[in-house]
Amino acid sequence: MSITLPVTSMQGAYEIVIASGSLSRLGHHLAGLRGCGHVLVVADDAIADTHAAVVAASLRDAGWAVSETTLQAQESLKTMSTVQSIWDDALAAGLNRDSAIIAVGGGLTGDVAGFAAATYMRGIDLIQVPTTLLAMVDASIGGKTGVNMPLPSGDQLGKNLAGAFWAPTLVWVDPNTLQTLPLRELQSGLAECVKHGVIADRELLKVMMVHAEALQDGNLEAILDLLDRSIKVKRGIVQADERETGERMLLNLGHTFGHAIEPIEELDLTHGEAVSIGMCAAAWCAVHLGINSQGGAEELVQLLASLGLPTRLPKSIDIDGLWDAMRFDKKNVESGVRLVLPTCESAVVRDDVSEQVVREAWTHVMPSPA
Ligand code: GLY
């Protein structure tokens, strides 16, 4: 089965193709789309010998000149020096303005390789080949690219503080790659699907609750339905507001809280786990402000837990440090921290949540007393 979802963008339209077992067909499809040339495959080193090797072989078979490089998918290495090394590899391989970069891996790989593509020779084609659920439903769609930056206040990294909007030429999704994805990574992607459901598809939340086990078992039918529904939510939002001046901000649900805890190494949280805890903190704020019911917040927490996601921090963390990290979030406005909160029907952006309420929300997601 193959699903093609067209996306409009200021840089031109592109397609998201979802097809099982399609990695080996990418080369021919891409040749038909824009003609052959030189590509640099930038892959997460964990899948360099598997999925990325299939992609590279498919490109060579279709007549492409293929160069390859890898990166380590670690938040601490999601920095300008990794972008610099991709630029260096691109230049050494002889890529020119007609060449393309193909990102094969998760969201981090797509963000970093995407930023390299957006800036190399003022921008070359980018093809996203997401191999994690999170990248399939979220990171590969909508053109966000970027890297982390050290915060002025210490050695903690601020998430995605430097970057660019750079729409892909094609997003190529092969759900079979999820069969080898570690369970924790799969669950991390499920958090972003919950986020999409809260914002724009309440039926998706019900489906996820019913199929919580099948989804974690990697049942292909359940996964395909999830991909279709979740990607459609993301597509609808980025088409309506590509540059995040309005509706797209809703996609940051759970992220202002989540970004404060994700870089803390001792917590060892995946992006989706951090967002899951962040959504729980945001839900508490929403109940406190009277824009969601206690029952609504509890249902959200229960769904996340049934998908194997954390709803509290694994250990207590100093709230001053968390507040400090939130103050440097790039979504903030002059008047203070900008939060997205889940309501009974969708989510809303709020700029008026006080520091005291945010601090109290953190106490509600600290580890439960023994
Ligand atoms: N991942 C959030 C966005 O694409 O806006």
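Miscellaneous remarks
- GNM flexibility winner over the chain from S230, S354, S58 (Cα, springs under 10 Å): S354
- Neighbour counts of C-beta atoms inside 10 Å place C36, C193, C344 in the sequence C344, C36, C193, starting with the fewest.
- Taking only alpha carbon atoms, the stretch 235-370 gives an Rg to Rh ratio of 0.94, where Rh is the Kirkwood radius.
- Choice from I127, I264, I16 with maximal GNM fluctuation in the chain (Cα, 10 Å cutoff): I264
- When the charge dipole of the chain is built from unit charges on Cβ atoms (+1 for Lys and Arg, -1 for Asp and Glu) and taken about the Cα centre, the candidate among S354, L307, S2 whose Cα reaches farthest toward its positive end is S2.
- Charge dipole (debye, nearest 20) of the chain; +1 at Cβ of Lys and Arg, -1 at Cβ of Asp and Glu: 720 debye
- Fully extended contour minus Cα-Cα distance, from S2 to Q74, at 0.36 nm per residue: 22.7 nm
- All-pairs alpha carbon distance profile, the stretch 8-159, 5 Å steps from 0, percent: 2, 10, 19, 24, 22, 14, 6, 2, 1, 1, 0
- Straight Cα distances below 17 angstrom link K315 to the aspartates and glutamates E262, E265, E266, D268, E273, E360, with same-chain residues fewer than 8 positions distant left out.
- Scalar couplings 3J(HN,Hα) for the stretch 43-58, obtained by applying the Karplus form with A = 6.51, B = -1.76, C = 1.60 to θ = phi - 60°, are 10, 4, 5, 5, 10, 4, 8, 10, 4, 5, 5, 5, 4, 4, 5, 5 Hz; x denotes Gly and Pro.
- Note: the stretch 176-310, Cα convex hull, 117 Å³ per residue.
- Considering only the stretch 22-131, percent of DSSP beta bridges that pair antiparallel, nearest 5: 0 percent
- Loop-located trypsin sites (Lys or Arg not before Pro) across the stretch 26-111 with a Cβ neighbour count of 16 or fewer within 10 Å are R97, with loop assigned by DSSP.
- Ignoring the sites themselves, the chain has its longest run without GluC sites (Glu not before Pro) in a DSSP loop having at most 13 other Cβ atoms within 10 Å at 1-333.
- Cβ-based exposure ranking for S316, S22, in which fewest neighbours within 10 Å come first: S316, S22
- Mean separation of Cα contacts under 8 Å (6+ apart) over length of the chain, as relative contact order %: 14 percent
- Which of L267, G63, A162, positive extreme of dipole for the chain (C-beta unit charges): G63
- The Rg/Rh ratio of the chain, with Rg taken over Cα atoms and Rh as the Kirkwood radius over Cα pairs, comes to 0.96.
- The dipole here belongs to the stretch 258-370: it is taken about the Cα centre, uses +1 on the Cβ of Lys and Arg and -1 on the Cβ of Asp and Glu, and is about 160 debye.
- For the stretch 101-219, the Cα-based Rg and Dmax, in that order, read 15.8, 48 Å.
- By the count of neighbouring beta-carbon atoms within 10 Å, fewest first, I3, I102, I317 end up ordered I3, I317, I102.
- Pair V349, E299: separation of 7 Å Cα→Cβ label points (nm): 2.6 nm
- Taking A93, A347, A282 as the candidate residues, the one with maximal mean-square fluctuation in a Gaussian network model of the chain, Cα springs under 10 Å, is A93.
A short reminder: the numbers here are calculations on the coordinates, not readings from a lab. The structure displayed is predicted, hence computed values, not measured ones. Here the Cβ is made from the backbone with ideal geometry for all residues, glycine too, and neighbour counts use every protein chain on show.
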